[in-house]
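**Q** Here it is: the structure, laid out below.
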Amino acid sequence: LRMDAWVLFKDEATKPLCARAIAACIGLVRILACMMQPFMPTTTASILRQMKFPETAYAIDDQLVKGSRYPSRLVPLGTRIDKPEVLFEAISEERIQEMRAQFAGTESEEDAKAKEKKKADKKKKNQQQKGGGGGGKGKAKAPTNTNLDVSRLDLVVGKLQKVWRHPNADSLYCEEIDLGEEKGVRNVVSGLVGKVDLEAKVGTHLVVVSNMKPSKMRGVESQAMVLAAFDKNDAAKTELVVPPEGSKAGDRIFVQGFEGEPDEQLNPRKKVFEQIQPNFGTNDECVATYSGTPLQTSNGNCTVASLKGAGVK
């Protein structure tokens, strides 16, 4: 018996098999959409919308894992698929040439000078870290606080000044956050697209880990990290951790019973944050906690909007 849908459809006796084959194909598309969501959230949302699934249906939960053995069961009976939309448009050769002319370009004299300056600055920084070249600031000081707890983190209130989508990654936001520092705002990259509408949060305050080592995320440097709570059973449910009313940029956040000097800069090789993070969470009052004790400023506790018993990272 041939299992091609277009063959099965022609015979009334095999139409139920045709329906099952098509449902299995749609179920497989849903599984693939869930797997690609972290990398292509906009495309995933379009696929789920056409399949009449809510845009939050991308979570890889127990139901999806068990259903992957029988993908036809991942699609409710009676589902009518919308008119297909084009997910990826072909780029014409003419358009490719236009993009090359627009983005490739040639290196100007100004660009060449900037590149040379960057190279010289890097060389100078390396010399300073080795102890030479004028006695400037070298490596971050070794931490005097050896406790592996929240006191190692420099938690600060930040004010969100500006937000835009990352030019090279669908799932990332780029932000400018004021931490009350004389040197100005910090650039931060956060993987919150599709989870939190950061563009609607401009002008509000949030909680920032300010002593993360700066790192490039798809070509854009991130100089800190925004804390957010997430539902342990549904990653789509995510909320920002926010400081109490009356907070201002630069206010310190602390946890009673965990006193100590934060690291000047966390060493990513030591995995300090990764070992501390599992002890963050939220309680039944939606208060952000560390080992059950609230994160707080002099104005009160840091909270989330509605998530209880959630994780925080």
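**Q** For the chain, what are the DSSP H helices with axial Cα length of 24 Å or more and mean Kyte-Doolittle hydropathy of at least 1.0?
**A** Both cut-offs are met by 15-36.
**Q** Tell me whether segment 145-199 comes out rounded, prolate or oblate; compute the Cα gyration tensor, take square roots of the eigenvalues as a ≥ b ≥ c, and use a/c under 1.5 as the rounded threshold.
**A** Oblate shape, in that a/c is at least 1.5 and b/c is the bigger or equal ratio.
**Q** In the P(r) worked out for segment 217-277, what percent of Cα pairs fall beyond 12 Å?
**A** So the pairs more than 12 Å apart make up 82 percent of the total in segment 217-277.
**Q** Calculate the length of the line joining the C-alpha centroid of segment 228-252 to that of segment 257-313, in whole Å.
**A** Using only Cα atoms to place each centre, the spacing works out to 10 Å.
**Q** May I ask you to list the residues of segment 175-190 whose amide nitrogen lies under 16 Å from a point 7 Å from Cα along the Cα→beta-carbon direction of Arg252?
**A** Inside the label zone: 180-181.
**Q** All other residues with a Cβ under 13 Å from the Cβ of Leu148 taken together, and with Lys, Arg as +1 and Asp, Glu as -1, what is their net charge?
**A** Around Leu148, the surrounding residues sum to 0.
**Q** Ok, one more. At a probe size of 1.4 Å, how large is the accessible area of Phe88, to the nearest 10 Å²?
**A** Ignoring ligands and nucleic acids, Phe88 comes out at about 120 Å².
**Q** Assign one of three labels to segment 173-313, namely rounded, prolate or oblate, based on the Cα gyration tensor with a ≥ b ≥ c the square roots of its eigenvalues; rounded applies when a/c is under 1.5, prolate when it is not and a/b is larger than b/c, and oblate otherwise.
**A** rounded
**Q** Just read off the accessible area of Lys308 with the full protein assembly in place, 1.4 Å probe, to the nearest 10 Å².
**A** Around 130 Å² of this residue is reachable by solvent.
**Q** Let me have the 222 nm mean residue ellipticity of the chain computed from DSSP H runs of 4+ only, each contributing -39500 (n - 2.57), with the sum over all residues rounded to the nearest 500.
**A** Value at 222 nm, helices only, nearest 500: -7500 deg cm²/dmol.
**Q** Label points 7 Å out from Cα along the Cβ direction at Arg218 and Glu116: separation in nm?
**A** Between Arg218 and Glu116, the label points sit 3.5 nm apart.
**Q** Related question: Over the chain, what is the relative contact order in percent, taking alpha-carbon pairs closer than 8 angstrom and at least six residues apart?
**A** 14
**Q** Could you order Glu245, Glu85 by accessible surface area, starting with the largest, using a probe radius of 1.4 Å?
**A** Glu245, Glu85
**Q** Given a Förster radius of 35 Å and the C-beta distance between Asn299 and Glu264 as r, what FRET efficiency does 1/(1 + (r/R0)^6) yield to the nearest 0.05?
**A** Given R0 = 35 Å and the Cβ-Cβ separation, E is 0.85.
**Q** With the crude spin-label approximation of a point 7 Å out along Cα→Cβ, what separation in nm comes out for Phe103 versus Thr43?
**A** A separation of 1.5 nm, rounded to one decimal place.
**Q** While we're here: To the nearest 10 square angstrom, how much accessible area does Lys195 have with a 1.4 angstrom probe?
**A** Ignoring ligands and nucleic acids, Lys195 comes out at about 80 Å².
**Q** Give me the extension gain from Glu199 to Asn283: residue separation times 0.36 nm, minus the current Cα-Cα distance, reported in nm with one decimal.
**A** Contour length minus the Cα-Cα distance gives 27.5 nm.
**Q** Quick check: convex hull of the Cα atoms in the chain, volume per residue, rounded to a whole Å³?
**A** Measuring per residue, one finds 210 Å³ for the Cα hull of the chain.
**Q** Here is a follow-up. Leaving ligands, DNA and RNA out of it, report the carbon-plus-sulfur percent of the accessible area of the chain at a 1.4 Å probe.
**A** Roughly 52 percent of what the probe reaches on the chain is carbon or sulfur.
**Q** Work out how much length Glu89 to Val7 would gain on full extension: take 0.36 nm times their residue separation and subtract the Cα-Cα distance, in nm to one decimal.
**A** Full extension from Glu89 to Val7 adds 26.5 nm.
**Q** Only sites in a loop by DSSP and with at most 15 other Cβ atoms within 10 Å count here; which chymotrypsin sites (Phe, Trp or Tyr not before Pro) in segment 1-68 make the cut?
**A** Counting only loop positions with at most 15 other Cβ atoms within 10 Å, the chymotrypsin sites (Phe, Trp or Tyr not before Pro) in segment 1-68 are Phe9, Phe39.
**Q** Here is a further query. What does the charge count around Leu74 come to, taking other residues whose C-beta lies under 12 Å from its C-beta (Lys +1, Arg +1, Asp -1, Glu -1)?
**A** Once all neighbours under 12 Å are counted, the net charge is +3.
The values are calculated or read from the model by the stated rules, or taken from the named source; none is laboratory data. All figures in this text were calculated on a predicted structure; none of them were measured in a lab. Neighbour counts are summed over all protein chains in view; Cβ atoms, including those assigned to glycine, are modelled from backbone coordinates with ideal geometry. Note: areas computed on protein heavy atoms with side chains; ligands, DNA, RNA excluded. Shrake-Rupley method; radii C 1.70, N 1.55, O 1.52, S 1.80 Å.
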